[in-house]
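Visitor: Got a structure for you, written out below as structure tokens; questions coming shortly.
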Amino acid sequence: MNLEGLVPFALALVLAPLLLGVINRTKAFFAGRRGAPLLQAYYDVAKLLRKGAVFSRTTTWVFRAGPILSLAAMLGGLALLPVGGFPAVVAFEGDFVLLAYLLGVARFFTVLAALDTGSAFEGMGASRDVTFSALAEPALLLGLAAVGREAGGLSLSGILPALTAATWLSAAPQIALVAAALLVVFLAENARVPVDDPDTHLELTMIHEVMILDHSGPDLGAILYASVLKLWILGGLLVGVALPVRTGTVLIDLASFLGGLFALAVLTGVIESTMARLRLVRIPQLLVGATTLSILALILVLR
Amino acid sequence: MTLLLAGLFVVLAGGFLSLFPRSSGLLGAGGAVAGCLMGLVPAFAVLAGGSPPSLRLPWAVPGGSFHVEIDALSAFFLVPILALSALGAVYGVAYLQAWRGRKAIGLAWLAYNTLVASMILVTIARNVVLFLVAWEMMALASFFLVVFEHEREASREAGWTYLVATHLGTAFLLAFFLMLGRESGSFEFDRLHPPSQAGLFFVLALVGFGTKAGFMPLHVWLPDAHPAAPSHVSALMSGVMIKTGVYGLVRALTFLGPLPAWWGWTLLVVGLTSGLLGVLFALAQHDLKRLLAYHSVENIGIIAMGLGLGLLGLHYGNPVLAVLGFAGALLHVVNHAIFKGLLFLGAGAVIHATQTREMDELGGLMKRMPLTGATFLIGAAAISGLPPLNGFVSEFLIYLGAYRGATSAGAPVAVPSIAAIAGLALIGGLAAACFAKACGVVFLGEPRGAHASGAHEAPRAMGIPMLVLAVACVAIGLLGPLLMRTLAPVLIQVTALPPADVVTSIDEAARPLRFIAGGAGGFLVLAALLALARAVLLSRRPIHESVTWDCGYARPTPRMQYTSSSFAQPLTDLFGLVLRTKRRASAPRGYFPGEAAFASETPDVWRETLWRRLFAGATWGFSKFAWLQQGRVHLYILYIALTLVALLIWGLR
């Protein structure tokens, strides 16, 4: 346990919902709207936590356990993420495997909760979610193997700080390829365009949103919060790889990390404003493409 | 040693006693439970560091003596075999009640107990003849269990396939052992020494043991035979019997001496193929037990990948990779026994309650069978490799070994390591998808037919074994680091590395496992706290019950739910090239459509292509000799006499 890691952990708990606000503001800017307040996600979570709940008669305890287990998994994942100059709360060899599988835990129970409603729509979303995430997993784990070899480390808190500007200079193509793969994983896992459209209004076209149609009240609040934490975790991973500011001065490193993360949020907003969602049959090609990028990076690293 | 042999005797005696007409199977099950519990004592004693007991008795059979021994490797395989056999026996008492009066239950127990006894004997035999006899006993006992419902054509077909496959495998083993014994000049295991053509022997062992283990493409018998057997037998066959193949392979490797790199590569490729195709074919199934059977192929693949990495680590002098690969593979043997046993028992409870294995007719069983549902869900999460359960621990070890190889070793180790990472990642995601489907379609939602809506919870004798196994899934997830210690003597024996190196590597591997165990505990505590917070938040709020959101459609029916086929459709389409799913559909026509139907079936691609052709060829070839078969006994006696004379002459030469 690294107690200093609790600082960025707490920071993430507080700031993560802001990412959603930044993305939505960016999209509003492109659309020429004023947009929702930057703090809208905070308001939403607060309001949902104060509400009662409606449960479908079809559902069982699995439906009720889903949001809690997802949130617990995300909090666990967050504890494994090193940020800026800080090591993660928990760091050990192969911690990123645990991180990837914690995301898997959250997904597994979200999917089961969706199937628990017996709704065709939620089944559809669940089916798509497991399909795309199964394809995204190799891209993530192979990409991390590539940067792990480049940095000579086996834990995130060893790998990410070792990716300095000097590493970038000597191995720019490799790291850029991994960063590109991680960007695709980031967009896919967080249900953003071009994989999923969080703003869609038609159940038939949703993936993540349709799985949580039946949740309400504090459960929905937990889901919303877990999803912004996921945005933070995968975004943090991407920024950690792509932004090699390692001055050793805690404040500068932390500030550059946060700057990078919110720039990523802006980039996500830009992507969502300038791109259409891919057709569902095209998405596997994108994800396999990301895996290919990771493999290419590995080949370059091995060379 | 005496205790285990006494246990063996008790198991067999129970089997024979259950043949008495009035016994209800309690004698058979009681014998199995008592014998297995007796056997667990020496097995645990050896794993705890005790000296391996052995016994050597002279016997009349040619080829050495009656020699048995419990060394660390035997003990490591014995523990899951004994534990799962005992639990399966308890479960079987209740499960076989349904056939009471219609079937010879006593015979089924005789076969079950013989299967248990022969598995014990296989792991402790130290003589080629004894080993092969036990191996054959195991095959025959399980064959009789597979054809338990021999009035069904599918069961007979499955039994036939199994019988052919297992004997082809045994033929390879016969060649392996006889040739090895001839070169070594002894049929005692401890006198077998590395042969000159080790590569040939490796292939023989790989095919022979791989057929039992279910390596692709030798797995064809598996998805037929496991579903056909009664569920507690499926649990035993899938959980531990196929592991005797892994045991045999590992044992064979200890005979073969220094190993070339291509053995490791072969096992890795076999593992990747079995793992990936196993899980893909599982995804395409909608028969619950068939799906589970394909997952056994997948998990055997993961085990083979671990072994392959271990061999490569040994070859390239990378002890950490060797230890991690073997440790992950061996631990996965135990873990798979636990969760696959659990899942097959759960599937049995579902079949017991609903009389169908067709997932698309089930649904909503979580409410009707809460214990079965909850334990099945734990098993499903465990087999998907999700933390904080046991499946993650063993997969993590293989991952860790592979990442070590991928990040710090030279290209000859790094490339296979990367392949293993890619394979494990894809397999993991697909397995999670498949078990989300199995769990979701069978237990969640609304019943899709009358079978499911009238279901009831399983009787207690079936519930308790499932509960025990589910607890074991959680316990191993939390106690991973402790298990690593018990692996040390096994790994020292298997890798033949200096004990100090092995212990150092194990300690290194145990360090992250401690974090994972702590993390698993933390996760459970965190989830409990969040659940508490949720309960507090909701305690003073209005909570309503309603229907599932249906987009305003007024008359939703359970038939509108996603089914197992539709859930897996994006993935099966994506991999359609290998799966070759056959679809039959009659689309709705006209403005007021009447009937519409859809059915899909995914037969095994290896069976349909490779094996069908091969056996068609064999049939054609053998039909040329049909004139030999006249159906007259005196002719056959003549053939035997002629053969003997010919052999005599050849011997005199």
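Visitor: Check B:Gln561: other-chain or 5+ apart residues with amide H under 5 Å from its amide H, H built from backbone geometry?
Guide: The answer is none.
Visitor: Would you tell me the mean number of C-beta atoms belonging to other protein chains that fall within 10 Å of each C-beta in B:432-438, as a whole number?
Guide: Other-chain Cβ atoms within 10 Å of each residue's Cβ, averaged: 6.
Visitor: Right, next: Run the quick spin-label model on B:Ser546 and A:Glu4: label points 7 Å from Cα toward the beta carbon, then report their separation in nm to one decimal.
Guide: A separation of 5.1 nm, rounded to one decimal place.
Visitor: Using 7 Å Cα-to-Cβ label points, what is the A:Arg282/B:Ala531 separation (nm, one decimal)?
Guide: With each label placed 7 Å out from Cα toward Cβ, I get 4.4 nm.
Visitor: Considering only protein heavy atoms and a probe of 1.4 Å, how much of the accessible area of the stretch B:516-640 is carbon and sulfur, as a whole percent?
Guide: Carbon-and-sulfur percentage of accessible area, whole number: 66.
Visitor: Just tell me which aspartates and glutamates come within less than 17 Å, Cα to Cα, of A:Lys27; anything on the same chain fewer than 8 places away is out.
Guide: Leaving aside aspartates and glutamates fewer than 8 places away in the same chain, those within reach of A:Lys27 are A:Asp196, A:Asp197, A:Asp199, A:Glu272.
Visitor: For a quick check: with amide H placed at 1.01 Å from N, whose amide H comes under 5 Å from B:Asn127's, ignoring anything fewer than 5 positions away on the same chain?
Guide: For B:Asn127, whose amide H was placed from the backbone, the distant partners under 5 Å are B:His67, B:Phe189.
Visitor: Under a straight-distance cross-link criterion of Cα-Cα below 20 Å, which aspartates and glutamates are reachable from B:Lys103, leaving out those fewer than 8 residues away in the same chain?
Guide: By straight Cα distance, B:Lys103 reaches B:Glu149, B:Glu151, B:Glu153, B:Glu157.
Visitor: So which GluC sites (Glu not before Pro) in the stretch B:560-653 are both in a DSSP loop and have at most 16 other Cβ atoms within 10 Å of their Cβ?
Guide: Passing both the DSSP loop test and the Cβ count: B:Glu595.
Visitor: While we're here: Ignoring solvent entirely, what values of log10 I(q)/I(0) come out of the Debye formula for the stretch B:1-88 at 0.15, 0.16, 0.26 Å⁻¹ when each Cα is a single scatterer?
Guide: -0.62, -0.68, -1.15
Visitor: Leaving out same-chain residues fewer than 8 places away, which lysines sit with a Cα under 20 Å from that of B:Lys340?
Guide: Within the straight-line limit of under 20 Å, B:Lys340 reaches these lysines: B:Lys212, B:Lys243, B:Lys289, B:Lys437.
Visitor: Can you send over the carbon and sulfur percentage of the accessible area for the stretch A:17-302, probe radius 1.4 Å, protein chains only? Spell out each step's value before the answer.
Guide: Working: 6230 of 9170 Å².
Carbon with sulfur: 68 percent of the solvent-accessible area.
Visitor: Magnitude of the Cβ-charge dipole of the protein assembly as shown, K/R +1 and D/E -1, about the Cα centre, nearest 20 debye?
Guide: 1060 debye
Visitor: OK, next. To the nearest 10 degrees, how steeply does helix B:499-539 sit against the main Cα axis of chain B, on a 0 to 90 scale?
Guide: It is inclined by approximately 20 degrees.
Visitor: Which one of B:Ala596, B:Gly477, B:Phe376 is farthest out on the positive end of the charge dipole of chain B, using unit charges on Cβ (Lys, Arg +1; Asp, Glu -1) and the Cα centre as origin?
Guide: Of B:Ala596, B:Gly477, B:Phe376, it is B:Ala596.
Visitor: Where the convex hull is taken over the Cα atoms of the stretch A:17-302, what is its projected area averaged over directions, in nm²?
Guide: Numbers: hull surface 58.5 nm².
Average of the hull's projected areas for the stretch A:17-302 equals 14.6 nm².
Visitor: So, one more: Among all helices in chain A defined by DSSP H, which have a length of 27 Å or more along the axis from Cα atoms plus a Kyte-Doolittle mean of at least 0.5?
Guide: TM-like helix candidates: A:6-31, A:95-116, A:120-151, A:217-242, A:250-274, A:283-302.
Visitor: Which values, in whole Å and largest first, are the semi-axes of the equivalent ellipsoid of the protein assembly as shown obtained as the square root of 5 times each eigenvalue of the Cα gyration tensor?
Guide: 49, 33, 26
Visitor: For the stretch B:415-505, how big is Rg over Rh, using alpha carbon atoms and the Kirkwood form of Rh?
Guide: 1.16
Visitor: How high is the relative contact order of chain A, in percent, counting Cα pairs under 8 Å that sit 6 or more residues apart?
Guide: Numbers: 489 pairs, mean separation 90.6, N = 303.
About 30 percent, as a whole number.
Visitor: Counting other C-beta atoms within 10 Å, and keeping those with at most 11, which DSSP coil trypsin sites (Lys or Arg not before Pro) do you find in the stretch B:155-255?
Guide: In loop regions of the stretch B:155-255 (DSSP not H, G, I, E or B), there are no sparsely surrounded trypsin sites (Lys or Arg not before Pro).
Visitor: Once amide H atoms are built 1.01 Å from N in the peptide plane, which residues 5 or more positions from A:Ser56, or in another chain, come under 5 Å H to H?
Guide: The answer is B:Ser546.
Visitor: Follow-up. With the dipole of the protein assembly as shown worked out from charges on the C-beta (+1 for Lys and Arg, -1 for Asp and Glu) around the Cα centre, which of A:Val62, B:Ser184, B:Gly519 lies farthest toward the positive end?
Guide: A:Val62
Visitor: Okay, next question. Are there trypsin sites (Lys or Arg not before Pro) in the stretch A:44-153 that DSSP marks as loop and that have at most 12 other Cβ atoms within 10 Å, and which are they?
Guide: Answer by residue number: A:Arg50, A:Arg57.
Visitor: Enter the mean number of other protein chain beta carbons within 10 Å of the beta carbon of each residue in B:385-398, as an integer.
Guide: Per residue, the number of nearby Cβ atoms from other chains is 3 on average.
Visitor: In whole Å, how far is the Cα centre of the stretch A:255-303 from that of the stretch B:328-353?
Guide: 38 Å
Visitor: Could you give the alpha-carbon Rg of the stretch B:548-653 over 2.2 N^0.38 Å, rounded to two decimals? List each step's numbers first, then the result.
Guide: Numbers: Rg = 28.7 Å, N = 106, 2.2 N^0.38 = 12.9 Å.
Normalised by 2.2 N^0.38 Å, the Cα Rg of the stretch B:548-653 equals 2.22.
Visitor: Taking Cα pairs under 8 Å and at least six residues apart, what relative contact order does the stretch B:223-354 come out at, in percent?
Guide: Relative contact order comes out at 32 percent.
Visitor: Chain pair B, A: how much accessible area is buried, both chains summed, with a 1.4 Å probe, in Å² to 100?
Guide: Working: alone 28320 and 13320 Å², together 35530 Å².
Summing both chains' loss of accessible area gives about 6100 Å².
Visitor: A further question on this structure: Which order do the peptides B:271-282, B:361-372, B:322-333 come out in when sorted by mean C-beta neighbours inside 10 angstrom, highest first?
Guide: B:322-333, B:271-282, B:361-372
Visitor: Which value at 222 nm does the protein assembly as shown reach when only helices count, each DSSP H run of 4 or more adding -39,500 (n - 2.57), with the total divided by all residues and rounded to the nearest 500 deg cm²/dmol?
Guide: That comes out to -24000 deg cm²/dmol.
Visitor: Order the peptides B:637-650, B:71-84 from the highest to the lowest mean number of other Cβ atoms within 10 Å of their residues.
Guide: B:71-84, B:637-650
Visitor: May I pose another question? Just to be sure I follow: if Rg is taken over the C-alpha atoms of the stretch B:605-652 and Rh is the Kirkwood radius over the same atoms, what is Rg/Rh? Please list the in-between numbers first.
Guide: Working: Rg = 16.6 Å, Rh = 13.4 Å.
Rounded to two decimals, Rg over Rh is 1.24.
Visitor: Measuring from centroid to centroid over Cα atoms, what is the spacing of the stretch B:424-459 and the stretch B:477-508 in Å?
Guide: Centre-to-centre (Cα) distance: 37 Å.
Visitor: What does the structure give for B:558-569 when I average, per residue, the other chain Cβ atoms found within 10 Å of the residue Cβ?
Guide: 4
Visitor: For chain B, calculate the relative contact order in percent as a whole number, restricting contacts to Cα pairs under 8 Å that are 6 or more residues apart.
Guide: 12 percent
Visitor: Treating the angle as unsigned and between 0 and 90°, give the value, to the nearest 10°, between the Cα long axis of helix B:243-255 and the longest Cα principal axis of chain B.
Guide: The helix B:243-255 is inclined about 40 degrees to chain B.
Visitor: Quick one: angle between helix B:390-408 and the longest Cα principal axis of chain B, in degrees between 0 and 90, rounded to 10, please.
Guide: Roughly 70 degrees, rounded to the nearest 10.
Visitor: For the stretch A:17-302, with only Lys/Arg (+1) and Asp/Glu (-1) charged at the beta-carbon, what is the dipole magnitude about the Cα centre, in debye rounded to 20? Intermediate results must be reported in sequence, preceding the final value.
Guide: On the way: 18 positive and 18 negative charges, 108 e Å.
Computed charge dipole of the stretch A:17-302: roughly 520 debye.
Visitor: Alpha carbon centre of the stretch A:20-75 versus the stretch A:198-220: separation in Å?
Guide: 10 Å
Visitor: Can you pull a Stokes-Einstein diffusion coefficient for chain B at 20 °C (1.002 mPa s), Rh from Kirkwood over Cα pairs, as a whole number of µm²/s? Please report the intermediate quantities before stating the final value.
Guide: Details: Rh = 26.0 Å.
The diffusion coefficient I find is 82 µm²/s.
Visitor: Taking the solvent-accessible surface of protein heavy atoms with a 1.4 Å probe, what is the per residue accessible area of the stretch A:17-302 in Å²?
Guide: Numbers: 9170 Å² over 286 residues.
Counting only protein heavy atoms, the per-residue value for the stretch A:17-302 is 32 Å².
Visitor: Using the per-residue mean of other Cβ atoms lying within 10 Å as a proxy for protection, in what order, highest first, do the peptides B:384-396, A:75-87, B:139-151, B:563-575 fall?
Guide: Descending packing order for the listed peptides: B:384-396, A:75-87, B:563-575, B:139-151.
The values are calculated or read from the model by the stated rules, or taken from the named source; none is laboratory data. Just so it is clear, the structure is predicted and the values come from calculations on it, not from any experiment. Ideal geometry is used to build each Cβ from the backbone, glycine not excepted, and the neighbour counts take in all protein chains shown. Surface accessibility is based on the protein's heavy atoms, side chains included, excluding ligands, DNA and RNA. Shrake-Rupley method; radii C 1.70, N 1.55, O 1.52, S 1.80 Å.
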